[in-house]
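Notes to accompany the following structure.
The values are calculated or read from the model by the stated rules, or taken from the named source; none is laboratory data. Here the structure is a predicted model, which is why all the values come from computation and not from measurement. As a convention, Cβ positions derive from the backbone with ideal geometry for all residues, glycine included, and neighbour counts pool all protein chains shown. Protein only, heavy atoms only, side chains kept; ligands, DNA and RNA dropped before computing areas. Shrake-Rupley method; radii C 1.70, N 1.55, O 1.52, S 1.80 Å.
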Amino acid sequence: MTRILLVQPKRPNNIWRVLSLPKVTGKTDLLPPLSLATIAALTPKDNGITVDLHEENLQGEIDDTFPFHEYDIIGITAITPVFPQVRKLADIFHRHGKLVVIGRAGITSYPEYYRDVADVMFIGEAEKTWPQFVLDWQNGNHKKRYQQFEKISMDLVPIPQWELIGKEKLQNYFLGAVQFSRGCNFKCDFCEVVHRLGQGMRYKSIEQGMKEIKILQGFGFDNIFMCDDNLAGNPQYLKEFLREIIKFNRTLKLPLSFSTQISLNIAKDDELLELLADANFKSMLVGIESPDPDALRSVNKSYNLKTDIVKDIEKIHSYGMPVTPSMIVGLDTDTVKTFTSMRKFISTEQILVNCANMFTAPPGTELFYRLAREKRVVVTKETSSTIMNPNIIPKNMTRRELFESFIDFHTSLWADLDNYLMRVKRYYGSIRRKPRVKMKTWRLLQKYHTVILRLTAYYLFSWNRSKLSYLHGLMKLTHYRLNSMMDTYWFYFVGPFQDEVRDWVFPYLKNKIREEAENPPDLINLDDYFTIVDRFPFDELRDLIQESYILLYKRFRDIQKTNDTLFEVLQEFIESQKDSFPRPEHMHTGHILRLCAENSQIPEEYPSSVITDEEVLNLIRKHKLDRELYDAVCKELRMKYTKYSPQPPSRHFRSHAAPAVLVSSAR
């Protein structure tokens, strides 16, 4: 029997956890581990394989007293902010002789962070590679690295195995989680979504999306977060999905509420807005980034340049759906004065839940390498870049000015509850079409009685005149709107949020200011990488890659084997040619094939059923395999030739702990 343990590492405090969820809602955490529930569902269930899941935020941190003897494989899911905890877990598991595997966004974006702590690494989506690894391990021939090059069909994504967690434990989460799509149509410089999941949209079937929603409702969830990076990437398909949600909600005594991430262009589609409202979408994170056109241009936020941002927000609000705008400070066009103009923008418009973050360059993105080349990416203390731990040096201010201005910005915004109440009044006054969602008031009160009572007690016993006045004003607004209470629960959260920002965020940033004053952060130096990879542009290598791919695939007749072989060979080829590389010629294909023969056993004869060159070329074009391979090779060489100055890499990324692995493709 093979026993696998999937681990969700403990997360540090971040912008999602400073809302005092345990104190206010009675819930332990915001979202259940969707990625691990998906990996569990992907695991082959024959041959005596069993899977367990350990969520450190819920079940406690793993230490040396853990029953290690019960498991053969440890899978750790890694996103960038949990890297220190991943390393700690890897060290613990290796001390007890366990095979540790790592995957998900953190390792896909920057595998070098995890190379020395992973026995097996998963790069990219895991729907194909995870089942293959499990079978390889059982056969005693697993690889150290599994990489998915082409973007998988969403038909391969199974329904998450929530029963592995169980109904009782799932009640500790505030929101259920469904991922209906992957990818995004836009290509903003600061976003890693396109870098990891590709440009363009891939959707699950509407039938599967509804199954996942119904399963979560059966487990007791009445609030569901759609974990898509842009739910409206295909508006027409989304409309079909929303109609099914509306039908299902009408069969429930208490309709489900939804929240998601979505793009501003929904404001141009009245039918879509009506359907979103009637499907009971109550909170939507929308990427506004900045009201400054120059700032938007600097990060390729193209759509927001073509529209009136304020009018679009007001349009969405008119359907009774409050927008949570995602804003960025510290962009290349920003100065210290930008904070004043953005504060004015938020204070005078219908901006309700302020979600302003500091500019950061996600590892692995083109933005990261562009800024690193400009000597503007730093190695942060936590070895991870997050919105509270930016890894860039702003162009028109110092890091200290960025931190201090950010503190002043939030201090003035959250301290002025009168201004906030005025914005809430404007929001209510802007509603022109109420969501057509039927629910009885007593059921709504029953649903939110814990939150309502705890928040009311918070304000009443704060003995703060400003907070008491705010509570009184908010209650007057909602007195005749109990059926819209879900619309306003974020507004009640503003007080606890204000306290958390003051008690945790500000001290954290002030401490960073002191630390960096004493020990300035090191810079990432990419000079060696650029002397190699810049000389091999994709347009010049495309024909060479395609020709080599055709010859290899016709012999292997296996996409993954062809991808893996050519991935290794292209790296070796580029490195061997780095000093004197002429324009690619036909002779280089022969060189690549010789390297392939040295790296892998290629059948001498073609399979009996011969496939034509054109058929292989169509396969390459369909999945963009040539581009995916090229990007993967460049990323690998970037990691290999990146230098960290003035300190050596070991200070920041190396330890003597044995390797570990992360698994997961869903958010």
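Condition check ((1) modelled with pLDDT under 90; (2) open to solvent by 20 Å² or more (accessible area, probe 1.4 Å); (3) under 30 Å from ALA457 (Cα atoms)) across all residues:
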{"residue": "VAL7", "(1), (2), (3)": "no, no, no"}
{"residue": "ASN13", "(1), (2), (3)": "yes, yes, yes"}
{"residue": "GLY26", "(1), (2), (3)": "yes, yes, yes"}
{"residue": "ALA40", "(1), (2), (3)": "no, no, no"}
{"residue": "GLU61", "(1), (2), (3)": "no, yes, no"}
{"residue": "PHE68", "(1), (2), (3)": "no, no, no"}
{"residue": "ILE73", "(1), (2), (3)": "no, no, no"}
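Go over the candidates ILE309, ILE328, ILE316 one by one and state the one that is within 23 Å of the chain's Cα centre (by Cα), buried (at least 19 other Cβ atoms within 10 Å of the Cβ) and aliphatic (A, V, I, L, M).
Details: ILE309 fails: within 23 Å of the chain's Cα centre (by Cα); ILE316 fails: within 23 Å of the chain's Cα centre (by Cα).
Of ILE309, ILE328, ILE316, the one residue that is within 23 Å of the chain's Cα centre (by Cα), buried (at least 19 other Cβ atoms within 10 Å of the Cβ) and aliphatic (A, V, I, L, M) is ILE328.
Given the conditions (1) in a helix (DSSP H, G or I); (2) of a type outside the set (Asp, Glu); (3) surrounded by fewer than 20 Cβ atoms within 10 Å (Cβ to Cβ), which single one is not true for ILE213?
ILE213 satisfies every listed condition except (3).
Read through the list (1) touching a helix residue (DSSP H, G or I) at 6+ places or on another chain (Cβ under 6 Å); (2) surrounded by fewer than 16 Cβ atoms within 10 Å (Cβ to Cβ), then give the number of the only condition that ALA279 fails.
ALA279 satisfies all of (1) touching a helix residue (DSSP H, G or I) at 6+ places or on another chain (Cβ under 6 Å); (2) surrounded by fewer than 16 Cβ atoms within 10 Å (Cβ to Cβ) except (2).
THR108 is checked against (1) in a loop (DSSP other than H, G, I, E, B); (2) within 17 Å of the chain's Cα centre (by Cα) and fails just one. What number does that condition carry?
It fails just one condition, (1).
How many of the residues making up the stretch 155-173 are open to solvent by less than 40 Å² (accessible area, probe 1.4 Å) and in contact with a strand residue (DSSP E or B) (Cβ under 7 Å, 6 or more places away or on another chain)? Lay out the reasoning, then the answer.
Looking only at the stretch 155-173, we keep the residues that are open to solvent by less than 40 Å² (accessible area, probe 1.4 Å), and these are 157-158, 160-162, 165-166, 170, 173.
So of that shortlist, the ones also in contact with a strand residue (DSSP E or B) (Cβ under 7 Å, 6 or more places away or on another chain) come out as 165, 173.
Looking only at that region, the number is 2.
Of all residues in the stretch 56-65, count the ones that are within 15 Å of PHE93 (Cα to Cα) and in contact with a Phe, Trp or Tyr (Cβ under 9 Å, 6 or more places away or on another chain). Can you show your working first?
First, pick out the residues of the stretch 56-65 that are within 15 Å of PHE93 (Cα to Cα): 56, 61-65.
Retained after the next criterion (residues that are in contact with a Phe, Trp or Tyr (Cβ under 9 Å, 6 or more places away or on another chain)): 62.
Of the residues in that region, 1 qualify.
Please work out which residue is least open to solvent (accessible area, probe 1.4 Å), limiting yourself to the stretch 75-99 and to residues that are farther than 19 Å from GLU125 by Cα and part of a loop (DSSP other than H, G, I, E, B).
Selected residue: LYS98.
Quick check: anything in the stretch 308-325 over 30 Å from MET439 (Cβ atoms), outside any helix (DSSP H, G or I) and modelled with pLDDT of 90 or more? Please lay out each step first, then the result.
Within the stretch 308-325, the first condition is being over 30 Å from MET439 (Cβ atoms), and the residues that meet it are 308-311.
Keeping just the survivors that are outside any helix (DSSP H, G or I) gives 308.
This time we only want the ones that are modelled with pLDDT of 90 or more, so: 308.
Yes.
For the stretch 503-555, which positions are among the β-branched types (Val, Ile, Thr), out of contact with any strand residue (DSSP E or B) (no Cβ under 8 Å at 6 or more places or on another chain), modelled with pLDDT under 85 and closer than 24 Å to PRO394 by Cα?
VAL505
Taking only the stretch 142-170 into account, find how many residues are part of a loop (DSSP other than H, G, I, E, B) and either in contact with a Gly (Cβ under 8 Å, 6 or more places away or on another chain) or over 22 Å from PRO111 (Cα atoms) (or both). Before you say what the answer is, go through the steps one by one.
Here is the first cut: in the stretch 142-170, the ones part of a loop (DSSP other than H, G, I, E, B) are 142-144, 148-153, 157-161, 165-166.
Checking the rest, the ones that are also either in contact with a Gly (Cβ under 8 Å, 6 or more places away or on another chain) or over 22 Å from PRO111 (Cα atoms) (or both) come to 148-149, 151, 153, 157-161, 165-166.
Selection size over the stretch 142-170: 11.
Being open to solvent by 30 Å² or more (accessible area, probe 1.4 Å), within 24 Å of LEU175 (Cα to Cα) and modelled with pLDDT of 90 or more is the requirement here; does GLU240 meet it?
On the way: open to solvent by 30 Å² or more (accessible area, probe 1.4 Å): yes; within 24 Å of LEU175 (Cα to Cα): yes; modelled with pLDDT of 90 or more: yes.
Against the criterion (open to solvent by 30 Å² or more (accessible area, probe 1.4 Å), within 24 Å of LEU175 (Cα to Cα) and modelled with pLDDT of 90 or more), GLU240 qualifies.
Among the residues of the stretch 562-599 satisfying the criterion of being of a type outside the set (D, E, K, R), assigned to a loop (DSSP other than H, G, I, E, B) and modelled with pLDDT under 60, which is most open to solvent (accessible area, probe 1.4 Å)? Please lay out each step first, then the result.
Our first condition is that a residue be of a type outside the set (D, E, K, R); within the stretch 562-599, this holds for 562-563, 565-567, 569-571, 573-574, 576-577, 580-582, 584, 586-593, 595-597, 599.
Okay, now just the ones that are also assigned to a loop (DSSP other than H, G, I, E, B), so 577, 580-582, 584.
Keeping just the survivors that are modelled with pLDDT under 60 gives 580-582, 584.
Working: SER580: 87, PHE581: 25, PRO582: 58, PRO584: 37 Å².
Top of the filtered list is SER580.
I'd like the residue in the stretch 423-447 that is modelled with pLDDT under 80 and either assigned to a loop (DSSP other than H, G, I, E, B) or touching a Phe, Trp or Tyr at 6+ places or on another chain (Cβ under 7 Å) (or both) and, out of all such residues, is surrounded by the most Cβ atoms within 10 Å (Cβ to Cβ).
Narrowing the stretch 423-447 to residues modelled with pLDDT under 80: 439-447.
Subset that is either assigned to a loop (DSSP other than H, G, I, E, B) or touching a Phe, Trp or Tyr at 6+ places or on another chain (Cβ under 7 Å) (or both): 439-440.
On the way: MET439: 19, LYS440: 12.
That would be MET439.
Of all residues in the stretch 463-485, how many are modelled with pLDDT under 80, over 28 Å from LEU256 (Cα atoms) and under 36 Å from the mean Cα position of the chain (by Cα)?
0
State whether the residues of the stretch 118-141 include one that is free of Cβ contacts under 8 Å to residues at least 60 places away in the same chain, hydrophobic (A, V, I, L, M, F, W, C) and either within 16 Å of LEU6 (Cα to Cα) or in contact with an Asp or Glu (Cβ under 9 Å, 6 or more places away or on another chain) (or both).
Yes, there is a match, as at least one residue in the stretch 118-141 is free of Cβ contacts under 8 Å to residues at least 60 places away in the same chain, hydrophobic (A, V, I, L, M, F, W, C) and either within 16 Å of LEU6 (Cα to Cα) or in contact with an Asp or Glu (Cβ under 9 Å, 6 or more places away or on another chain) (or both).
So how many residues does the stretch 336-362 have that are part of a loop (DSSP other than H, G, I, E, B) and either over 16 Å from CYS188 (Cα atoms) or open to solvent by less than 10 Å² (accessible area, probe 1.4 Å) (or both)?
Here is the first cut: in the stretch 336-362, the ones part of a loop (DSSP other than H, G, I, E, B) are 349-354, 359-362.
Now drop any that are not either over 16 Å from CYS188 (Cα atoms) or open to solvent by less than 10 Å² (accessible area, probe 1.4 Å) (or both), which leaves 349-354, 359, 361.
Of the residues in that region, 8 qualify.
Take the conditions touching a residue at least 60 places away in the same chain (Cβ under 8 Å), closer than 25 Å to PRO84 by Cα and open to solvent by less than 10 Å² (accessible area, probe 1.4 Å) and apply them to LEU367. Does it pass?
It is true that LEU367 is touching a residue at least 60 places away in the same chain (Cβ under 8 Å), closer than 25 Å to PRO84 by Cα and open to solvent by less than 10 Å² (accessible area, probe 1.4 Å).
Name the residues in the stretch 124-147 that are surrounded by fewer than 22 Cβ atoms within 10 Å (Cβ to Cβ) and within 19 Å of the chain's Cα centre (by Cα), would you?
GLU127, GLN147
When only residues in the stretch 111-141 that are among the charged types (D, E, K, R) and part of a helix (DSSP H, G or I) count, which is modelled with the highest pLDDT?
Within the stretch 111-141, the first condition is being among the charged types (D, E, K, R), and the residues that meet it are 112, 115-116, 119, 125, 127-128, 136.
Subset that is part of a helix (DSSP H, G or I): 112, 115-116, 136.
Details: GLU112: 69, ARG115: 77, ASP116: 82, ASP136: 93.
The qualifying residue modelled with the highest pLDDT is ASP136.
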